[in-house]
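The structure appears right after this line, and notes come after that.
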Amino acid sequence: MKSKASAPGKVILFGEHFVVYGIKSILCSINKRVTVTAEKTKEKKISINSKIGKLVLQPNKSISKIDSPLKPFYYLANKAIKDQKEGLEIEIESEIPLGAGLGSSSACCVAGAAAIFKLFGKISKEKILELAIEAEKTIYQNTSGADCTVSTYGGLMEYDKNSGFKKIKDEPNFQLVIANSNIEHSTESMVSKVKEFENKNKEKFNELSNLESKLVEDVLKLIKENKINEIGEKINQNQKFLEEIGISNEQLENMIEIGQISSYGAKITGSGGGGCIFALTNESNLENTLKEFTNKKYECFPAKIDYKGLNTF
Ligand code: PMV
């Protein structure tokens with residue numbers, strides 16, 4: 001019997017990095033997905049297959065000794081077959097660019113946890129999320145849990161580390177244009193870079209955190225009122241804060257300039273240093289924004305908010 005699950009990637013609309021320090025963030029999942037298929041096998045071994053590689057291992061290996069981006073799947077599979085006779089075969093397909101700030105590894109962990117554990121009985125979304133966060137920690141220990149949460153529950157939400165998530169009920173009619181710098185980045189090293197900034201500039205970081213917190217509260221009101229122009233201005237302000245904490249660079253800023261001119265607002269999404277930026281659009285400027293990025297040879301695509309989250313079949 002095969003078990004299949006798919007989970008969406010995400011965009012952090014507001015609050016990346018500050019969320020690690022307890023500030024509220026606003027996230028949404030997007031209509032780009034990872035699909036994982038899992039199947040029990042007679043032989044007790046774990047085999048994982050994806051476009052980025054293959055991993056075939058015996059169970060009970062120490063996670064710290066595995067050097068592969070596929071290790072969250074190994075973690076989940078190993079945990080699932082601990083008291084079983086069978087092994088597992090796992091297949092991954094993804095529409096989400098890797099290492100680009102779009103939550104591809106979290107979507108893998110969520111879809112992986114669901115597809116694998118569903119083979120062994122009924123499982124709740126809460127439990128899937130818990131397992132997905134555990135698996136994500138095998139590659140990035142300090143995760144705030146934001147990405148796995150939005151990938152599991154889908155839609156638009158506010159999230160903070162202490163109170164968890166709260167869905168935003170409004171369904172604004174905006175669309176995003178996501179542009180990829182194609183510079184790979186590591187979340188862990190960008191988070192460490194911000195930690196260094198925070199250590200050296202306590203007062204400044206505090207001030208920026210307070211400004212970010214106020215900005216997020218303002219945006220929550222603006223979403224209710226569907227004020228896309230003002231939301232765009234807040235996106236540009238948030239970008240300035242990200243530049244101050246040192247996670248932006250020249251290429252990202254070139255891309256952001258294109259986005260800020262052609263849409264309502266643009267900023268980095270995710271940990272920065274590379275990865276993606278997004279621009280806020282609606283039907284009045286979506287096509288033109290895509291054209292501006294394409295003309296300047298940047299890889300880009302439109303994305304809508306996904307309201308489904310984790311899907312199992
Ligand atoms: O670049 P990403 O998708 O891994 O985004 C990480 C978001 C951070 O706020 C930088 C870290 C976190 O754990 O929330």
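Please give the calculated 222 nm ellipticity per residue for the chain, where each DSSP H segment of at least 4 residues contributes -39500 (n - 2.57) and the sum is spread over every residue; nearest 500 deg cm²/dmol? Present the calculation step by step, with values, prior to reporting the outcome.
Details: 9 runs with 122 residues, N = 313.
That comes out to -12500 deg cm²/dmol.
Using all pairs of distinct alpha-carbon atoms, the Kirkwood hydrodynamic radius of the stretch 175-303 works out to 15.1 angstrom. List the lysines whose alpha-carbon lies under 18 Å from that of residue 71, not counting same-chain residues fewer than 8 positions away? The reachable lysines, counting only those whose Cα sits under 18 Å from residue 71, are 44, 45, 51, 54, 61, 79, 82, 137.
Just to be sure I understand the rule: take each whole DSSP H helix in the chain, project its Cα atoms onto its long axis, keep it if the span is 30 Å or more and its mean Kyte-Doolittle hydropathy is at least -1.0. Which ones pass? Walk me through the numbers before you get to the answer.
Working: long enough: 202-224 (34 Å, -0.47).
Qualifying helices: 202-224.
Computed over the alpha-carbon atoms, the chain gives an Rg to Rh ratio of 0.98, Rh here being the Kirkwood radius from the mean inverse distance. Under Stokes-Einstein, with the Kirkwood radius over Cα pairs standing in for Rh, what whole-number D in µm²/s applies to the stretch 81-184 at 10 °C and 1.306 mPa s? Here the translational diffusion coefficient equals 102 µm²/s. Of the GluC sites (Glu not before Pro) found in the stretch 219-313, those in coil by DSSP whose Cβ has at most 13 other Cβ atoms within 10 Å are 225, 283. Relative to its residue count, the stretch 2-168 spans a Cα convex hull of 106 Å³ per residue. Placing a pseudo-label 7 Å from each Cα along the Cα-to-Cβ vector at residue 297 and residue 52 gives an inter-label distance of 2.6 nm.
Ordering of 83-92, 170-179 by packing is 170-179, 83-92, highest average first (other Cβ atoms within 10 Å, averaged per residue).
Identify, among 187, 276, 295, the residue whose Cα sits farthest towards the positive end of the charge dipole of the chain, taking +1 on the Cβ of Lys and Arg and -1 on the Cβ of Asp and Glu, with the dipole about the Cα centre. Positive-most Cα among the choices belongs to 187. In a DSSP loop and with at most 12 other Cβ atoms within 10 Å, the trypsin sites (Lys or Arg not before Pro) in the stretch 169-234 are 169.
When every Cα-Cα distance of the stretch 138-238 is counted in 10 angstrom steps from zero, the calculated P(r) takes the values 12, 32, 43, 14, 0 percent.
Ordered by the number of other Cβ atoms lying within 10 Å of each residue's own Cβ, fewest first, 56, 150 fall into the sequence 56, 150.
FYI, it's all coordinate maths here, none of it is from the lab. These numbers come from a predicted model, not from an experiment. With ideal geometry, Cβ positions are generated from the backbone for all residues, glycine too; neighbour counts draw on all protein chains shown.
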